[in-house]
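Read the structure below first, then the notes.
Read-outs: derived from the displayed coordinates by stated rules, not from any lab. Fair warning: this is a prediction, and the values are worked out from it, not measured in the lab. In this analysis, Cβ positions are derived from the backbone assuming ideal geometry, glycine residues included, and neighbour counts consider all displayed protein chains.
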Amino acid sequence: MLIHVINPNASREMTEQIATAARDVAGPLARIEASGGKTSPVSIEGYSDEALSVPAMLTAIHAADRRGAAAHVIACFDDPGLRAAREVADAPVIGTCQAAMHFAMTLSARFSVVTTLPRSVPIIEDLVTAYGAERHCRAVHAVNLPVLAFESDAETARAKLLHAVRAAQKADNVDAVVLGCAGMTSLTRWLSAECGFPVIDGVTAAVKLAEALAGSGYRTSKTGAFAAPLQKQGGFERLAS
C-alpha cells in the first residue's frame with residue numbers, strides 16, 4: 001500500500017528526516033512516498049505560515065490520492081489544513097498531532113507536550129481541546145528554539161530538548177511526553193531511552209495509524225462535512241489542475 005507523507009514546509013532536510021522515520025516504522029506491505037511543500041514557507045511557526053502552506057499541500061494530497069495512495073500523513077504538528085485535506089482525498093488523512101495524542105492517551109494516563117517556540121503553545125493547546133485530550137494533557141511547553149535549529153545547530157537543540165522533556169515530566173508529574181514538532185522526529189528513540197518513559201513522535205504514530213486504517217479498508221466519509229469540494233469558479237479545481 002502507498003502511504004503518502006507530506007511535509008507542508010519547504011525544508012528538504014526535514015522532508016528527508018521525516019521520510020527516514022516513516023520508512024523505519026512502516027510495515028512490509030507499506031511503501032512510503034514523501035513530499036515537501038516546494039512553494040511553502042521553509043518552516044511553519046504560526047497561523048500565517050500554516051495558511052501559506054495549505055494550498056500546495058492540498059494539491060499534493062489530491063495528486064497522490066489520484067495516483068492510488070492508500071492514506072496520507074500531514075507531517076506538521078499543527079495539523080495545518082487537516083479538515084480541508086479530508087475533503088480533497090478519498091483515502092484517510094492523518095494529522096501528526098491528532099495521532100500522537102491518541103497514542104499518548106493509550107500509553108499513559110497523563111502526558112505533556114514539548115514544542116519549539118512559545119507562539120506554538122496556544123495553537124497546540126487549542127488542538128488538545130479539539131481532539132478531546134484536555135483530561136489527559138497536563139501542559140504544553142516550549143523549548144524556545146525555532147524549527148530550523150534542529151538542522152542548523154543540532155547538538156545544542158538536542159541538549160535543550162532533552163532538558164525540556166525531563167523538566168516537563170517532572171514538573172507536570174506525567175507518564176509520557178509528546179514531541180510537538182516533526183523536526184524532532186529523529187530524536188524520539190534516543191529521548192525515550194535517556195528519559196526512561198515514553199517520548200512519542202507524531203510522524204511515526206501517524207504512519208502506523210495510516211497503515212491500520214488503510215489496511216482495514218477504511219476510507220474518508222463523503223456523506224457530510226468531508227464531502228468533495230463543490231466545483232466552482234476559483235475553487236479547488238483551479239489549484240489541482
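If R0 is taken as 22 Å, the Cβ-Cβ distance between Ala63 and Glu151 corresponds to a FRET efficiency of 0.25.
With a/c under 1.5 counting as rounded, go ahead and sort segment 72-212 into rounded, prolate or oblate using the C-alpha gyration tensor (a ≥ b ≥ c being the square roots of the eigenvalues; past the cut-off, prolate if a/b is larger than b/c, else oblate). Prolate, because a/c is 1.5 or more and a/b exceeds b/c.
The long axis of helix 120-130 is offset from the longest Cα principal axis of the chain by roughly 70 degrees.
Measure nothing but the geometry: give the 0 to 90° angle between the long axis through the Cα atoms of 202-215 and the longest principal axis through the Cα atoms of the chain, rounded to 10°. Around 40 degrees separate the two axes. About its Cα centre, the dipole of segment 97-201 is roughly 220 debye, where the only charges are +1 on Lys and Arg Cβ and -1 on Asp and Glu Cβ. With a Förster radius of 30 Å applied to the beta-carbon distance between His163 and Ala51, the computed FRET efficiency rounds to 0.40. Listing Thr223, Thr185, Thr59 from fewest to most neighbouring C-beta atoms within 10 Å gives Thr223, Thr59, Thr185. Compute, for the chain, the length of the dipole vector about the Cα centre, with Cβ point charges of +1 (Lys, Arg) and -1 (Asp, Glu) only. Units Debye, rounded to 20. Charge dipole, the chain, about its Cα centre: 420 debye, nearest 20. Short-range pairs are left out: with C-alpha atoms under 8 Å and at least six residues apart, the relative contact order of the chain is 24 percent. Taking amide hydrogens as placed 1.01 Å from N in the peptide plane, the amide H of Arg138 sits under 5 Å from those of Phe111, Ser112, each at least 5 positions away in sequence or on another chain. Based on the alpha-carbon gyration tensor of segment 11-159 and its eigenvalue square roots a ≥ b ≥ c, which shape applies: rounded if a/c is under 1.5, prolate if not and a/b is larger than b/c, or oblate? Rounded is the answer for segment 11-159, as its axis ratio a/c remains below 1.5.
Evaluating 6.51 cos²θ - 1.76 cosθ + 1.60 at θ = phi - 60° for every residue in segment 142-151, the Karplus couplings come out as 10, 7, 6, 10, x, 3, 6, 5, 6, 9 Hz, glycine and proline recorded as x.
Label zone of Leu107 (point 7 Å out along Cα→Cβ, amide N under 18 Å): in segment 21-60 this covers 21-27.
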